[in-house]
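The block underneath contains the structure these notes are about, expressed in structure tokens.
The values are calculated or read from the model by the stated rules, or taken from the named source; none is laboratory data. Quick caveat, the model's predicted, so the values are computed rather than measured. With ideal geometry, Cβ positions are generated from the backbone for all residues, glycine too; neighbour counts draw on all protein chains shown. We work out accessible area using only protein heavy atoms, side chains counted, and drop any ligands, DNA or RNA first. Shrake-Rupley method; radii C 1.70, N 1.55, O 1.52, S 1.80 Å.
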Amino acid sequence: KIALINAAMEVKETESDSEIRVSSPEELQKFLDQEENEFREMVAKIKEIGANVVICQKGIDDMAQHFLSKEGIFAIRRAKKSDMKKLARATGGKIITDIEDMTIDDLGKAGLVEERKISGENMIFVEECENPKAVSVLVRGGTEHIVEEAKRSFEDAVSVVAKSIESGKVVAGGGATEVELSMKISDYADSIGGKEALAVRAFANAVESIARSLAENAGLDTIDTIVELRAKHEEDGAVYGLDAHDGEVKDMMSEGVVEPLLVKTQAVSSGSEAAVMVLRIDDVIASKGNEVGEGGGPEGMPGGMY
């Protein structure tokens, strides 16, 4: 049972500057006893509602820490604000700002809270939460580069899953969608003829390059793989792609290799826009070259060459 506290478990300072003169050891002891009583009351309140873990965003006095320890309450101080929010989502607890107002309904729950040493650093693990709305992933690697790459891959995977849930539509992966799209575009190129057919066929080849790259990265013969994929698509449909682990052509939907439809449509539209932009730049350069050529270039250079 976890209490998430955004309040300092320390002696409060006075709002105004003041001076207190102590004339005897008994008076000094009264001040110390009063501080101790305040800490005892805080700890008693926490124990009363049944909390056995305290995570505090601010400081915890050493004396308060001592009393918490005597009651068997595991205490963590100076937790980050962002961590407190994630802990609240993970444990189902509420972040409270006044210990006196805290109730049992404000507590979060977890099956295990413990401190472990990972790679020389002490870390607190909060595990076995009932219905967590936030989780942490510990990424480890031999070098910083490997860790960053693993982190990037993980973030990509999470984003892909999120997009799949958002759109509710997925397509076959493993190059299956690209091969099918390339074949359909090639068929369309055959139907129109002329110079436009060359551009359409080039577009089909560009789409198919995804499947070729996948085969090459898997260490397979690119030509044989593409031929086999095309044959499968002509016979059995659009869901056959390349399993990069064993190099075989398989039904990607039954293998569970899928990708969000949004990712595919975005890739096609972004690639097309980039190609159009490049062509427009070429047109602008060509038109400027013609204009300069008419007036002639600098001495010793033909017009339009600079």
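A compact table of results
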{"read-out": "Compactness index (Cα Rg / 2.2 N^0.38 Å), the chain", "value": "1.74"}
{"read-out": "Among Gln34, Leu229, Leu138 the positive-end extreme of the charge dipole of the chain (Cβ point charges)", "value": "Gln34"}
{"read-out": "By accessible area with a 1.4 Å probe, ligands and nucleic acids excluded, highest first: order of His233, His145", "value": "His145, His233"}
{"read-out": "For Val258, residues with placed amide H under 5 Å, excluding near neighbours", "value": "Gly173"}
{"read-out": "Per-residue [θ]222 nm for the chain (sum of -39500 (n - 2.57) over DSSP H runs n ≥ 4, rounded to 500)", "value": "-18000 deg cm²/dmol"}
{"read-out": "Accessible area expressed per residue, the chain, with surrounding protein chains retained (probe 1.4 Å, Å²)", "value": "68 Å²"}
{"read-out": "Cβ charges +1 (Lys, Arg) and -1 (Asp, Glu), total dipole of the stretch 201-284, debye", "value": "400 debye"}
{"read-out": "Value of relative contact order over the stretch 70-136, rounded to a whole percent, pairs C-alpha under 8 Å and six or more apart", "value": "31 percent"}
{"read-out": "Solvent-accessible area, 1.4 Å probe, carbon plus sulfur percent, for the chain", "value": "52 percent"}
{"read-out": "For the stretch 69-227, the spread of Cα positions along each principal axis, largest first, Å", "value": "86, 35, 22"}
{"read-out": "The chain - share of DSSP beta bridges that are antiparallel (%, nearest 5)", "value": "60 percent"}
{"read-out": "Rounded to the nearest 20 debye, dipole of the chain from Cβ charges on Lys, Arg, Asp, Glu", "value": "320 debye"}
{"read-out": "Listed peptides 106-115, 87-96 by packing density, highest first (mean Cβ within 10 Å)", "value": "87-96, 106-115"}
{"read-out": "Unit charges at the beta carbon, dipole of the chain: most positive-side option, Ala189, Asn122, Met63", "value": "Met63"}
{"read-out": "Relative contact order computed over the chain (Cα-Cα under 8 Å; 6+ residues apart), in percent", "value": "13 percent"}
{"read-out": "Amide H partners (placed H, <5 Å) of Phe74, local residues excluded", "value": "Val53, Val54"}
{"read-out": "Normalised convex hull volume, the stretch 1-141, alpha-carbon set, Å³ per residue", "value": "145 Å³"}
{"read-out": "Normalised convex hull volume, the stretch 63-153, alpha-carbon set, Å³ per residue", "value": "142 Å³"}
{"read-out": "Unit Cα scatterers, Debye sum, the stretch 37-94: log10 I(q)/I(0) for q = 0.24, 0.29, 0.31 Å⁻¹", "value": "-1.00, -1.22, -1.28"}
{"read-out": "Computed over the stretch 173-263, Cα set: Rg, Dmax in Å", "value": "13.3, 42"}
